[in-house]
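What follows is a set of notes on a single structure, which appears directly below.
The values are calculated or read from the model by the stated rules, or taken from the named source; none is laboratory data. Since we're looking at a predicted model, the values are computed, not measured. Glycine also receives a Cβ, built like all others from the backbone with ideal geometry; neighbour counts cover every protein chain displayed. Calculation scope for accessible area: heavy atoms of the full protein, side chains included, ligands and nucleic acids excluded. Shrake-Rupley method; radii C 1.70, N 1.55, O 1.52, S 1.80 Å.
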Amino acid sequence: MHFKTTVISLLAAVTIAVKGETHTVHFVNNCGSGTPTLIQGPNVLSTGADFTSNGPLISAIAYLQTGACGFNGEGCTLIEMTLVNPTTPGSGSSADISLIPPHAFSVTSGFGYFNGCDGAGADCTSPSCPTAFFEPDDTNVQVACQTDNVNLAITFCD
């Protein structure tokens, strides 16, 4: 009987482990033109379709490619994100809007968490929006989320 209980417990643990950590980035483009773009390092992860990460999504960026943006969003409004399940208090997901040069306001842009921290996010509707980074030490504009498997919706021209 002990062996049967151990096997059942092991199968339950494996099933839970297989589920794992996931995060989805969803785009809404209300501009009528342009291509939502999700980049991580040298890799294009999405050009408008939902992207699901099977594990943490670390240091990714998104912007609306209007033809005027560089590969890393230079010249455009940038959304920066890290989506990760928190392992200690304060170590979870974070997202922000950056207008630190060489980035510049290009289109109204915003983001919001869903499947956790619903309602938390930011919008940038003008070149002087108070919710964006203009200097690297503007850390008060970062929006954190301490929920496992949280997702992010990014909207252009909202």
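Considering only residues in the range 1-46 that are farther than 25 Å from T147 by Cα, at pLDDT 50 or above and assigned to a loop (DSSP other than H, G, I, E, B), the one that is most open to solvent (accessible area, probe 1.4 Å) turns out to be P42.
Condition check: small (G, A, S), open to solvent by less than 50 Å² (accessible area, probe 1.4 Å) and modelled with pLDDT of 95 or more. Does S109 satisfy that? Judged against the criteria, S109 is a match. Here A62 clears all of (1) on the phi < 0 side of the Ramachandran plot; (2) open to solvent by 40 Å² or more (accessible area, probe 1.4 Å); (3) in a strand (DSSP E or B) except the condition numbered (2). Considering only the range 84-142, state which residues are charged (D, E, K, R) and closer than 22 Å to V28 by Cβ. The answer is D96, D118, D123.
Residues that are open to solvent by less than 30 Å² (accessible area, probe 1.4 Å), more than 14 Å from C145 (Cα to Cα) and among the hydrophobic types (A, V, I, L, M, F, W, C): does the range 84-96 have at least one? There is no residue in the range 84-96 that is open to solvent by less than 30 Å² (accessible area, probe 1.4 Å), more than 14 Å from C145 (Cα to Cα) and among the hydrophobic types (A, V, I, L, M, F, W, C). Going by the structure shown, is F134 at pLDDT 95 or above, of a type in the set (F, W, Y), surrounded by fewer than 18 Cβ atoms within 10 Å (Cβ to Cβ) and over 18 Å from the mean Cα position of the chain (by Cα)? Against the criterion (at pLDDT 95 or above, of a type in the set (F, W, Y), surrounded by fewer than 18 Cβ atoms within 10 Å (Cβ to Cβ) and over 18 Å from the mean Cα position of the chain (by Cα)), F134 qualifies.
Going through the range 138-158 one residue at a time, which ones are of a type outside the set (V, I, T), open to solvent by 50 Å² or more (accessible area, probe 1.4 Å), at pLDDT below 95 and closer than 17 Å to L78 by Cβ? Within the range 138-158, just D158 meets the criteria. Residues satisfying the criterion are present in the range 47-58 (criterion: of a type in the set (G, A, S), touching a Leu at 6+ places or on another chain (Cβ under 8 Å) and assigned to a strand (DSSP E or B)).
Is one or more of the residues making up the range 139-147 within 20 Å of D50 (Cβ to Cβ) and of a type outside the set (G, A, S)? For the range 139-147, residues within 20 Å of D50 (Cβ to Cβ) and of a type outside the set (G, A, S): present. Scanning the range 65-82 for residues that are assigned to a loop (DSSP other than H, G, I, E, B) and open to solvent by less than 10 Å² (accessible area, probe 1.4 Å) gives G73, C76, T77.
Let's see how each residue does on (1) within 23 Å of G32 (Cβ to Cβ); (2) touching a residue at least 24 places away in the same chain (Cβ under 8 Å):
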{"site": "L78", "(1), (2)": "yes, yes"}
{"site": "G92", "(1), (2)": "no, yes"}
{"site": "Y113", "(1), (2)": "no, yes"}
{"site": "G116", "(1), (2)": "no, yes"}
{"site": "G119", "(1), (2)": "no, no"}
{"site": "C124", "(1), (2)": "yes, yes"}
{"site": "P127", "(1), (2)": "yes, yes"}
{"site": "D148", "(1), (2)": "no, yes"}
